[in-house]
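Following: one structure in structure tokens, then a few remarks.
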Amino acid sequence: MATEDTPVTGSIATEFDARLRGALLGPDDPGYDEGRSIWNGMIDRTPDYIAQCQGVADVMRAVEFARENDLLVAVKGGGHNIAGKAVCDGGLVIDLSAMDSVRVDPETKTARVEPGATLADFDHEAQAFGLATPLGINSTTGVAGLTLGGGFGWLTRKYGMTVDNLRSADVVTAAGDLLDASEETNPDLFWAIRGGSGNFGIVTSFEFDLHEVGPEVLCGPIVYRGEDAPEVLRNLRDFNAHAPDESSVWAVLRGAPPLAFLPEDVHGVGVAIVVAFYAGDIEEGEEVLAPIREYGDPIADAVSPHEYATFQQSFDPLLTEGARNYWKSHNFHELPDEAIDTAVEYAAELPSPLSEIFFGQIGGAMARVPADATAYPHRDAEYAMNVHTRWEDPADDEKCIAWAREFYDAMAPSATGGVYVNFISEESGQEELAYGENYDRLVECKNEYDPTNLFRMNQNVEPTA
């Protein structure tokens with residue numbers, strides 16, 4: 001634990017360790033390097049301590065320890081966020097990864113989820129009862145970080161954002177208090193955590209509404225040659241403009257992955273992938289998705305009934321832990337021809353074989369929630385674009401980051417000016433783009449719940465108190 005060059009004396013750290021049910025790790029302890037590693041391989045930070053919490057009491061004591069000793073605090077749930085805010089240099093990492101239980105009540109169609117749970121943990125439990133809630137598209141993502149930023153995925157058009165399905169949460173504040181947050185209790189805090197990132201405390205339990213989904217859903221990719229991409233994306237745009245909420249059709253531009261249903265001679269070659277999902281009756285889905293499947297001359301069509309939980313893991317091999325990642329993101333009201341042509345142009349020059357551009361269709365149910373109903377403000381977006389710039393060699397850092405920034409700038413004229421907070425790689429500077437018109441109210445909440453900015457390892461809302 002404590003060493004001579006750490007800011008806390010050994011006796012204080014030893015006393016804190018004795019009060020934890022979990023372990024307190026320092027740089028010389030077994031498990032320390034594993035504890036400080038996170039999904040993005042670019043992040044290599046060395047905290048003074050890692051408190052591996054086993055429950056709410058541990059979280060409260062860790063917050064107290066950090067506050068009383070003036071330590072920088074990072075909070076690690078799934079450790080998946082792109083900016084690497086889950087770990088800090090110096091200070092204390094409050095590691096929640098062991099708190100990963102998911103408890104489903106099939107009668108009330110609700111779930112209680114701890115902050116260390118991943119999407120795979122959630123789906124495993126909920127799908128045992130044919131239930132789900134809108135989450136992301138990569139099953140290794142942590143539920144906590146996803147939710148606190150808003151959360152969207154295949155079910156969003158039908159059932160809204162992840163935060164639209166949050167009923168309540170237990171939150172440990174900077175003062176060390178455990179508060180219940182809901183529409184009835186501490187409603188301002190409840191409003192703020194639904195899209196305001198980790199600025200207001202540490203959520204130790206989420207309560208979600210669940211919906212009947214699966215166990216099988218109609219979904220899968222349709223793969224086209226790269227040269228067909230401009231027309232494919234225009235057709236997707238036109239189809240989506242009139243599709244029902246149950247339909248969610250996304251586009252991905254990348255080198256073809258080595259999937260079994262693709263001919264070997266296209267592996268690594270630029271392709272346009274249309275990913276279709278229907279959140280409803282499979283026979284109805286076959287009829288609704290028929291026009292998108294009948295278009296053009298695809299290399300392969302793998303749309304069929306799949307188990308929902310399995311499909312939620314289908315992108316995992318493309319987003320494995322340890323690669324170097326730098327992402328850029330835009331929201332769009334629509335995809336005009338100029339934006340499509342620009343995206344196709346840059347997709348032809350991806351800086352690495354692991355990189356890709358995706359356009360996720362949103363809208364639908366999420367758009368019918370007022371922009372000020374939750375801290376997540378971007379209710380008018382019909383598409384969220386993310387540039388997954390991924391590579392393995394540190395020598396390629398400059399090239400890959402420069403390409404992502406150039407592409408981001410080239411797409412800006414067609415974008416809304418907003419950005420999804422969970423896709424921000426930058427250290428700072430995009431917070432007001434992420435929080436939009438709700439930023440000033442978030443500052444008011446920050447002043448109330450964290451006036452000293454203890455929780456600042458996030459896309460930070462700075463207090464003015």
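The values are calculated or read from the model by the stated rules, or taken from the named source; none is laboratory data. Every value quoted in this text rests on a predicted model; they were computed, and no experiment measured them. Every residue, glycine as well, gets a Cβ built from its backbone with ideal geometry; the counts of neighbours run over all protein chains shown. For the accessible areas, the whole protein counts, side chains as well, though only heavy atoms, and no ligand, DNA or RNA atoms are used. Shrake-Rupley method; radii C 1.70, N 1.55, O 1.52, S 1.80 Å.
Yes/no matrix, rows are residues, columns are (1) open to solvent by less than 30 Å² (accessible area, probe 1.4 Å); (2) assigned to a loop (DSSP other than H, G, I, E, B); (3) not aliphatic (A, V, I, L, M):
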position: G418; (1), (2), (3): yes, yes, yes
position: S425; (1), (2), (3): yes, yes, yes
position: E432; (1), (2), (3): no, no, yes
position: E437; (1), (2), (3): no, no, yes
position: R441; (1), (2), (3): no, no, yes
position: K446; (1), (2), (3): yes, no, yes
position: N453; (1), (2), (3): yes, yes, yes
position: R456; (1), (2), (3): no, yes, yes
position: V461; (1), (2), (3): yes, yes, no
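Within region 270-290, being open to solvent by less than 70 Å² (accessible area, probe 1.4 Å) and not in a strand (DSSP E or B) holds for A279, G280, I282, G285, V288, L289, A290. Here the condition is being hydrophobic (A, V, I, L, M, F, W, C) and either more than 24 Å from V274 (Cβ to Cβ) or in contact with a helix residue (DSSP H, G or I) (Cβ under 9 Å, 6 or more places away or on another chain) (or both); of A373, A404, it holds for A373 alone.
Conditions (1) aliphatic (A, V, I, L, M); (2) more than 19 Å from T162 (Cβ to Cβ), marked per residue:
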residue	(1), (2)
D58	no, yes
F65	no, yes
A74	yes, yes
G77	no, no
G84	no, yes
G91	no, yes
V113	yes, no
A117	yes, no
D121	no, no
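Can T374 be described as among the hydroxyl-bearing types (S, T, Y), open to solvent by 30 Å² or more (accessible area, probe 1.4 Å), closer than 17 Å to A434 by Cα and part of a loop (DSSP other than H, G, I, E, B)? In short, no.
Residue-by-condition table, conditions (1) acidic (D, E); (2) open to solvent by less than 30 Å² (accessible area, probe 1.4 Å); (3) part of a helix (DSSP H, G or I); (4) within 21 Å of N138 (Cβ to Cβ):
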residue: N386; (1), (2), (3), (4): no, yes, no, yes
residue: K399; (1), (2), (3), (4): no, no, yes, no
residue: E406; (1), (2), (3), (4): yes, no, yes, no
residue: M411; (1), (2), (3), (4): no, yes, yes, no
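Which one of these does D58 not meet: (1) open to solvent by 30 Å² or more (accessible area, probe 1.4 Å); (2) touching a residue at least 12 places away in the same chain (Cβ under 8 Å); (3) more than 30 Å from L318 (Cβ to Cβ); (4) among the charged types (D, E, K, R)? Condition (1) is where D58 drops out. The set of residues from region 100-136 being farther than 19 Å from Q313 by Cα and within 14 Å of the chain's Cα centre (by Cα) comprises just one member, P115. Can P106 be described as touching a helix residue (DSSP H, G or I) at 6+ places or on another chain (Cβ under 7 Å) and open to solvent by 10 Å² or more (accessible area, probe 1.4 Å)? Criteria met by P106. Within region 350-369, the presence of at least one residue that is modelled with pLDDT of 95 or more, over 24 Å from Y326 (Cα atoms), assigned to a helix (DSSP H, G or I) and open to solvent by 40 Å² or more (accessible area, probe 1.4 Å) is confirmed.
Can you spot a residue in region 55-68 that is closer than 22 Å to L148 by Cα and under 22 Å from the mean Cα position of the chain (by Cα)? No: region 55-68 contains no residue that is closer than 22 Å to L148 by Cα and under 22 Å from the mean Cα position of the chain (by Cα).
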